[in-house]
Structures are given as C-alpha cells and as structure tokens.
Amino acid sequence: MSHRVHLALVATVASAAMVLAACASAPSANSSSSSSSPSGSSSSSSSSSSPSSESSSSGPSSPSGSSSSGSSSSSSSAPETGPITPVGTFLPCVVSDTAGFNDHSFNEQSYDAVKTIATRAGVKFKSAESKTAADYVPNVNQLVAAGCTVVVASGFNLVAAVQAAATKNPKVDFVMVDDNSIKLPNVKDVVFATNQAAFLGGYAAAAYSKTGVVATWGGQEIPPVTVYMDGFWDGVQYYNQKNGKNVKVLGWNEQTQKGTFVGNFTDQNTAKTLTTNFLNQKADVIMPVAGSLYEGGGAAIRSANSDAVLMGVDADLFQTDTSGYQNLILVSVLKNIDNAVSAVLSDIAQGKFNNAEFIGTLKNNGVGLSPFHDFASKVPASLSGDIATITAGIEDGSIQAPSPSEPKA
C-alpha cells in the first residue's frame, strides 16, 4: 500500500524494540497515475457533487514488515502485495470525515488502503471527502448510488450515515473504521486498542521529559480519541511507579475521564492556544490526538521558542509530516489502519466478506510505536529495553492498560 506506516515490535532484539516499515507518499485525491499528497479539496464534499472516480493504474511502493489480518485473534503476517483477482464486480470506495484525506492520519490511511487494493485488483476506485458534518449522509449515499460494492467509512463521526445506508442497501458492503456499534450483516467493524500503544507512548514521554510535566489534548471527546489519552495517562503512571518519579499529566485524567479538547479536528488556532497553555505550565512532551491539528501544536512550540516536543498519533508523523515539524516529533503512537483495511478489502474483493469485528492490538501489530528517529540518541539508553519488556507484558496480560473506551471483542 502507498502509505506504509507499519511496525513490528521485536522483543528479542536488545538494541531496538520496534521496526517500522518506511512509508511512501500519499496519493492525490484526483484521478491520476502518479502518487502525490491528497489535495484535500478534489473529492466530492456535498450532496450536489459526484464522488471522485480515481485511477489505480500506478501502484504504491511495496510494503515491508508485518500486517494485521481481518480478525481479532489473528497473528502478524507479511502484508500481501501481489495481484488480486476479484470475484464478480468490485468497486472499492472511501469517504472521509471532516479532517479530510490529507490529515496525515486515519483518513489518509484509509484512502491509501483503498487505492492499494484497487491497484492490486486492477480496478478504479471512488472517494468522497467531507467538508462538514452535513456532507456525511449525502457523500455515503452518492458512493452507493455510483455503484460502489464496498464503502470504507473513515472515522467514528460517520456511524449514523453508514448505519442508515447499510440498512437500506444490504447488498453493499461497508467497512466502518474506528467504531464497533453497528451490528449489521453487511458492516465490518475495524477498531483498535490504541490504549495499548499509547501506554508505551506515555511511558516514553515520561522517560524523556526534562521538566516532569507532559500533556495531551484531543480533537473531539469521542472514544477513538479518549482511548489514546487513557493509554498515555496509564503509561506515565506506570513510569512513575517503576522509577520512583512524579511526572505530571496535563490535559487528561483517566480516573475522572475529564480533559482538554478542541471540539473538532479543523481549528488550528485553538490547537495552538491549547498547546501554548500547556507550554506555560512547563509541559515539554505534548500528544495531540486530533489528526492534522498537531500542526497547531507545532506552531505553538515554534512561536514560544520552546524545547518541547510532540508525540504523533495514528501515523508516523516523522514520515508523513509535510508542514516542517519533523524535528519536533519525538515518537508516534501507531494505529495501522492501512494494513487492517487493506486486509479486509482484499478478502472482500475475493468474495470472502465477513462481519466479524477486527480489533488491532500490539499482539497482531494493529497498533504500535514508531521509531524515535531523530531522537533515538536523545532518549534514555534503557528506554528501548523498557518498551520491549512492557510490550511483552501487555501482550501476555501481566501488564494492564485498561480504558473505558477500549474496544471489546
């Protein structure tokens, strides 16, 4: 798939806890045979527009590493890259939420997955980009009307639109990313235990912090956001417990389930303000859980001439950032949506749709932690080994990373 953000945590390697496959450039939202960054404006965005029909004649770079497969109990395996022979008509489609396909996050990963599978199957695909919440229903309906055989809905906010469309169109398959509330025979739920990976991120943030203060804030107060914040909070507490420290977390408290939110995924000014507030309280590691709004956080750090760093979510922001904030990215908490959605679509193309829920975990490489990239020499020497040990503990259940927002099988 074209946007390859993937991780294999290898506990037996003393020198590193994880390996991330290099990712390729994200594709344009226009019909094109070459890859480029999604434009964010070329897909349909209202009920009066037709969904964008896109070419898949140019395939993405070949992936490496491990992939999660389409069931919650699956083990990791190398992602398939060869051609797919569709069974019957196959027209994969994808609809974004308001963050758009250029969010360097879950929408972009879903888009990449659809493009990759269309390439392997030798078919075109369609996309519809939502500019406002009012676009969700018409965009989903347009894709169905355009003949899409499977519609990937990227994000919790699309649940109502998908449920309505799936109920009315039982012969169309739907892949619902980041929600498992729809219980219909033609809906495949794809969710992620990102609290597990964020636990690692919280531990790393506490280990790196020089001020003893770290922070997190979210876009909207919804389960796919707060599950990250829960894991982050737990990871910091675990670091304190194991190392006799008292690193503070601003912006979220797992026990009270109260915290700081922008209210959307589009307001960069508010993102900058929230980050500035945390910088003023001496936070030097900040994890925005808000798609592209990390850019507002980066702008705040630059404006304050601060030594603070950011922690990415969903994708490896060091690899995907195009706004000049790479040198601020300590590490990223990964939700490997592209791999999960690609595996599900591959099955659907070959006539093997099932509505069994997929849950991405550390164990099946559905979630993970990126490399530290430019900060590899700046984190404590013991951190790599600590992360590997904690990962193994979460996988075998000896270390708990609970979250009220965690998807349950």
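The values are calculated or read from the model by the stated rules, or taken from the named source; none is laboratory data. What you see is a predicted model, and the numbers here were worked out from it, not measured in a lab. Cβ atoms come from the backbone with ideal geometry, glycine included; neighbour counts cover every protein chain shown. Side chains are part of the model used for accessible areas, which takes the heavy atoms of the whole protein and leaves out ligands, DNA and RNA. Shrake-Rupley method; radii C 1.70, N 1.55, O 1.52, S 1.80 Å.
Once the piece of chain linking residue 134 and residue 398 is laid out straight, how much longer is it, given 0.36 nm per residue of separation minus the C-alpha distance between them?
Values: separation 264, 0.36 × 264 = 95.04 nm, distance 4.50 nm.
This chain segment gains 90.5 nm when fully extended.
For region 200-327, compute the orientation-averaged projected area of the C-alpha convex hull (one quarter of its surface), in nm².
Working: hull surface 28.1 nm².
If I average the Cα hull's projected area over directions, I get 7.0 nm².
How much accessible surface does residue 394 have with a 1.4 Å probe, in Å² rounded to 10?
20
Once every Cα of region 277-398 carries one equal point scatterer and solvent is ignored, give the base-10 log of I(q)/I(0) from the Debye formula at q = 0.20 Å⁻¹, two decimals.
-1.14
Leaving ligands and nucleic acids out of the surface, order 149, 89, 320 by accessible area at 1.4 Å, largest first. Walk me through the numbers before you get to the answer.
Numbers: 149 35, 89 120, 320 10 Å².
The ordering from most to least exposed comes out as 89, 149, 320.
How charged is the neighbourhood of residue 329? Take every other residue with its Cβ under 9 Å from the Cβ of residue 329, and add Lys/Arg as +1 and Asp/Glu as -1.
Net of charged neighbours comes to -3.
Would you kindly state how much longer the chain becomes between residue 164 and residue 210 on full extension, computed as 0.36 nm times their sequence separation minus their alpha carbon distance, in nm to one decimal?
Working: separation 46, 0.36 × 46 = 16.56 nm, distance 4.98 nm.
Net length gain for the segment: 11.6 nm.
Which pairs in the list 248/378; 115/272; 242/378 are over 30 Å apart, alpha-carbon to alpha-carbon? Write out the running numbers ahead of the final one.
Values: 248/378 21 Å; 115/272 33 Å; 242/378 21 Å.
Check vs 30 Å cut-off fails for 115/272.
Not counting ligands, DNA or RNA, and with a 1.4 Å probe, what is residue 310's accessible surface area in Å² rounded to the nearest 10?
Solvent-accessible area, nearest 10 Å²: 0 Å².
Lys and Arg at +1, Asp and Glu at -1: add these up for the other residues within a Cβ distance under 11 Å of residue 96 and post the number. Please report the intermediate quantities before stating the final value.
Details: positive: 131; negative: 97, 103, 108, 129, 135.
It works out to a net charge of -4.
How much length would be gained if the chain were fully extended between residue 184 and residue 408, taking 0.36 nm per residue of separation minus their Cα-Cα distance, in nm to one decimal?
Roughly 78.9 nm would be gained on extension.
Using a 10 Å cut-off on Cβ atoms, rank the peptides 169-175, 367-373, 396-402 from the highest mean neighbour count down.
Details: 169-175: 18.9, 367-373: 24.9, 396-402: 12.0.
Highest mean packing first, the order is 367-373, 169-175, 396-402.
At 1.4 Å probe size, with the rest of the protein present, what percent of the exposed accessible area of region 148-288 is carbon and sulfur atoms?
Values: 2370 of 5030 Å².
So the carbon and sulfur contribution to the accessible surface is 47 percent.
Which order do 282, 352, 115 take by accessible area at a 1.4 Å probe, largest first?
On the way: 282 140, 352 105, 115 5 Å².
If we order 282, 352, 115 from most to least accessible, we get 282, 352, 115.
Could you tell me the distance between the Cα centroids of region 96-138 and region 324-388, to the nearest Å?
Result: 19 Å between the Cα centres.
Based on the Kirkwood radius over alpha-carbon pairs, what value in µm²/s does the Stokes-Einstein equation return for the translational diffusion coefficient of region 344-409 at 37 °C and 0.692 mPa s? Provide the component values of the computation, followed by the final result.
Numbers: Rh = 14.9 Å.
D = 221 µm²/s.
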